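Following: one structure in structure tokens, then a few remarks.
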Amino acid sequence: MSFFGFHYRLERKTIPFVLAIVGVASIGGIVEIAPLFTIHQTVEAAPDMRVYTPLELAGRNIYIREGCYACHSQMIRTLRDEVERYGPYSLAVESKYDHPHLWGSKRTGPDLARVGGKYSDEWHVAHLYNPRDVMPESVMPAYRWLKRNTLDTSTLSLDLKAMRAVGVPYSDDMIANATADAYGQASPDSAQADGVKSRYGEATNVRAFDGVQGEPTEMDALVAYLQILGKLTDVAHTPVKQASTEAGK
Amino acid sequence: MIAQLTRNERQTALLILLAVAIGGLAMAVGGRDNLLGIHGAIAMALAIVMMFVVIGGYYAPEPTEDRTASYYDDPTKVGIIIAMVWAVIGMAVGDWVAWLLVFPDMTFDAGWASFGRLRPIHTSGVIFGFGGNALIATSFYVMQRTSRARMPDQVTPWFVLLGYNLFCIIAATGYLMGVTQSREYAEPEWYADIWLVIVWVTYFVLYLRTLARRKEPHIYVANWYYLAFILVVAMLHIVNNLAVPISLTQAKSYSLFSGVQDAMTQWWYGHNAVAFFLTAGFLGMMYYYMPKRAGRPIYSYRLSIISFWGITFFYMWAGSHHLHYTALPHWVQTLGMTFSVMLLVPSWASAGNALMTLNGAWHKVRDDATLRFMMVAAVFYGLTTFEGSFMAIRPVNALSHYTDWTVGHVHAGALGWVAMITFGAIYASVPWLWKRESMWSPRLVEVHFWLALAGTIIYVFAMWNSGIIQGLMWRTYGEGGTLAYSFVDSLIAMRPYYIARAVGGLFFLLGAAIGLYNIWMTIRSAPEAAYDMTPDEPVVAGMPAMQPGE
Ligand code: HEM
Ligand code: HEM
């Protein structure tokens, strides 16, 4: 029986036709996606990898809310010009705690994967307040309200808990103190500040990111997030590692 | 409209609306301290408005029994109007966003007006609002005609159409307020996603129930595509939106997957949203309306089969071409590239099948702007898929990725293919549906056609230029072996093209607005056609040329 003859009969039966569509359409996804969870080399090991602090996570959520990802990628490709322009190419492990990923697909503005530490807090605040004050040709929107809005920290424990449910290793201690840590990280002189470093590591930035201590603003959170981009782990900067993956590409 | 429903159906409708209103109320109360509450209130308000509409017609006399001898087209009529309204909204926002890249300060210092929040309103507005409603409306029309069977009941299609629009409204208002998952083309949050699953499953079941009543032994090609569109979109939607909400009374959720797995899942979804939403569904549209309008059978039955299964199989492998040179393992990138190139075969088989169908009807294409919309759509479909397969090759993608070239490719497909085939199908079906001899103004259809074509060409050429210039500037090295241009240099070079694109987009938008006006006037004021223009027997189904051994 020819293929077309078979099809001539298949297209008379609804349910077999439907099952055929589902079967044929499932194969590609199964072959390409399932192994990403099982093959260990997919995500490199990075023992020094740390999680986002509550303040940084809140900043990340503002980044999502404002749609910064529509103009900015966070994925430096393995191409010479990108590495020279933006820094070492991105490794899978660097977005291991990114639920969801923010790799992006369009660079109306530059890549931000390694923008952490590139500029001062003041620069970011001025730039976000009005990009054209800093960069006259910029087409980035002004985000003045970030400075006006105090950050809603009331749900941060819930946020951390949900993140733990999807696999990010937040401890009970971190979840219980999420709101206080968000406050402390943006107010270095406050009593809450000490807990931040003890829970998230000595290298954590504890600063008044928007220049003012006290109740954190949305600006504090977003700048704290931008300043940590590319800094959750050092693996991408390890030369040996880089050379060996390069050869494999 | 309500008068067409039986008493029983009116009661069912009220019950469903009541359930939605109560669900909305629960959300509004539970989520009163966050944006979930606002969405609950919106759902409740819309359900209550609809309840008043149903109650207003509740005591109208029941329809006569002979309605079962005809097709049920009220939802199609409403769906077409909604689709055109979304077209104008979505494209207006698109053009506004285009101007924002020229004049970035037009944001009134307000969050809702900034680029990042408006852009998804454009993409969702045109893809889901315009495209989705057009697909649902035409699929209702086509499945009944090609099955020679009326839909099994009159409430389900309304639930699908209006429920789907509730999803679209929740999506668009959410973006304005900053509710988003950030997943391209799947931005709405978990509760909207769950609602869409309910609507979509109902849609699928409705399709099966109608097919089960068919009087044609064969399922016509157009239905294969609509079925694939419904089924695969459901699969994609469910897997891609797996997430854990922070609480049942909060809008925010975190995706189940992270990093590289999340990126791959997202682009498996994203590319197949292109494949099964923007391609398969509209191919279904084309396979019905083009032969019908041209008065010629589909050129080749075998080509239809090959291209259908080719598209269904190959597309699902292609998503990883969105992640070339990234941290995604190399073997997945290679698979994505390979299948993308192979995809050209079934794609061109479809485009060729469409154009060959027109062979012998070229004089009609010349004289009839509606058929010309469909012809141009098939040509752009061919061009876009060729371009896509080319861009999926890794070294080419090294240049094109992240640039406006992608945006150019998107709109060659979106304007040239998706929107054009839809306008063609809508212009064809409006006189049939409202039993008019023709559109109110064939001249305006002609005007719309040329505006759309000019707009598309301006848009696409502007983006090709800017994209390639951008890509080249980013990788050009100067004398000393250092990068020659700063990022801002490339930004300055884009400006003239951004202006051109916004002007081209304005042409396209103007055309759509004229189309909406023309449709409205057709409904309002054209005389009843003396005779029925549509022999309800489809020209295309069960034709001898559709048999094997053709
Ligand atoms: C009046 C006509 C239109 C105009 C002026 C317009 C304008 C735009 C603009 C300015 C963007 C953002 C590009 C960027 O971020 O650099 C965009 C993106 C997009 N538009 Fe349109 N658009 C129009 C019609 C359409 C239609 C009809 C569709 C679909 C059926 C569509 C689908 C998309 C998609 C999918 C994207 C996202 C592209 C990407 O992420 O690469 N557009 N459009
Ligand atoms: C053979 C068929 C096709 C292939 C192989 C293909 C391939 C591609 C490639 C390689 C990209 C760029 C990915 C990147 O660098 O980020 C892309 C983007 C895109 N294509 Fe296609 N394409 C095809 C057909 C179409 C059609 C018919 C449409 C209809 C509108 C379409 C819509 C899109 C959209 C919306 C994107 C942008 C995704 C994003 O970045 O947001 N494609 N496609």
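Laid out as a table, the results:
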{"item": "Candidate set from the stretch B:399-434 (those that are within 11 Å of another protein chain (Cβ to nearest Cβ) and open to solvent by 10 Å² or more (accessible area, probe 1.4 Å)); member that is farthest from ligand 1 (Cβ to nearest atom)", "result": "B:Leu399"}
{"item": "Selection count where residues are modelled with pLDDT under 95 and within 16 Å of ligand 2 (Cβ to nearest atom), scope the stretch B:145-183", "result": "0"}
{"item": "Residue, nearest to B:Ile127 (Cα to Cα), within the stretch B:284-307, restricted to residues that are away from chain A (no Cβ under 14 Å) and open to solvent by less than 10 Å² (accessible area, probe 1.4 Å)", "result": "B:Met285"}
{"item": "Answer residue from the stretch A:49-100, given it is more than 7 Å from chain B (Cβ to nearest Cβ) and acidic (Asp, Glu) and is surrounded by the fewest Cβ atoms within 10 Å (Cβ to Cβ) among those", "result": "A:Glu82"}
{"item": "Where a residue in the stretch B:491-506 is within 13 Å of another protein chain (Cβ to nearest Cβ) and its partner, wherever it lies, is among the charged types (D, E, K, R) and within 11 Å of ligand 1 (Cβ to nearest atom), with Cβ under 8 Å and at least six apart", "result": "B:Met494/B:Asp404; B:Tyr497/B:Asp404; B:Ala502/B:Asp95"}
{"item": "Lone qualifier among B:Trp267, B:Trp309 - being at pLDDT 95 or above and either away from ligand 1 (no atom under 15 Å from the Cβ) or of a type in the set (D, E, K, R) (or both)", "result": "B:Trp309"}
{"item": "Test: residue in the stretch A:24-35 that is of a type in the set (A, V, I, L, M), closer than 30 Å to B:Lys215 by Cβ and open to solvent by 10 Å² or more (accessible area, probe 1.4 Å)", "result": "yes"}
{"item": "Any hit, the stretch B:103-117, residues being within 16 Å of ligand 2 (Cβ to nearest atom) and either surrounded by 24 or more Cβ atoms within 10 Å (Cβ to Cβ) or basic (Lys, Arg) (or both)", "result": "yes"}
{"item": "The one condition in (1) more than 21 Å from B:Phe140 (Cα to Cα); (2) not in a loop (DSSP other than H, G, I, E, B) that B:Ala251 fails to fulfil", "result": "(2)"}
{"item": "Residues satisfying the stated conditions in the stretch B:365-389, i.e. touching a Leu at 6+ places or on another chain (Cβ under 9 Å) and near ligand 2 (Cβ under 10 Å from one of its atoms)", "result": "B:Phe380, B:Tyr381, B:Gly382, B:Thr385, B:Phe386, B:Gly388, B:Ser389"}
{"item": "Count of the stretch B:342-364 residues which are in contact (Cβ under 8 Å) with a residue 24 or more places away in the chain and either more than 16 Å from ligand 2 (Cβ to nearest atom) or in contact with a strand residue (DSSP E or B) (Cβ under 9 Å, 6 or more places away or on another chain) (or both)", "result": "7"}
{"item": "Candidates A:Ser26, A:Ser73, A:Ser120, A:Ser90, filtered to the one that is under 30 Å from B:Leu491 (Cβ atoms) and without any contact (Cβ under 8 Å) to a residue 24 or more places away in the chain", "result": "A:Ser120"}
{"item": "Residues that are at the interface with chain B (Cβ under 7 Å from one of its Cβ atoms) and not in a loop (DSSP other than H, G, I, E, B), drawn from the stretch A:101-147", "result": "A:Lys106, A:Trp145"}
{"item": "Output for the stretch B:384-395, where each listed residue is aliphatic (A, V, I, L, M) and crowded, with 17+ Cβ neighbours inside 10 Å", "result": "B:Met391, B:Ala392"}
{"item": "Test: residue in the stretch A:164-183 that is more than 30 Å from B:Leu242 (Cβ to Cβ) and in contact (Cβ under 8 Å) with a residue 40 or more places away in the chain", "result": "no"}
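For (1) of a type outside the set (Asp, Glu); (2) open to solvent by less than 40 Å² (accessible area, probe 1.4 Å); (3) out of contact with any Ser or Thr (no Cβ under 8 Å at 6 or more places or on another chain), each residue gets a yes or a no:
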residue	(1), (2), (3)
B:Ala149	yes, yes, no
B:Asp153	no, yes, yes
B:Leu162	yes, no, yes
B:Val197	yes, no, yes
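The values are calculated or read from the model by the stated rules, or taken from the named source; none is laboratory data. What you are looking at is a predicted structure, and each value in this text was computed from that prediction instead of being measured. When we count neighbours, we look across all protein chains shown, and the Cβ atoms used for this are built from the backbone with ideal geometry, even at glycine. Keep in mind that these areas ignore ligands, DNA and RNA; they rest on the heavy atoms of the full protein, side chains included. Shrake-Rupley method; radii C 1.70, N 1.55, O 1.52, S 1.80 Å.
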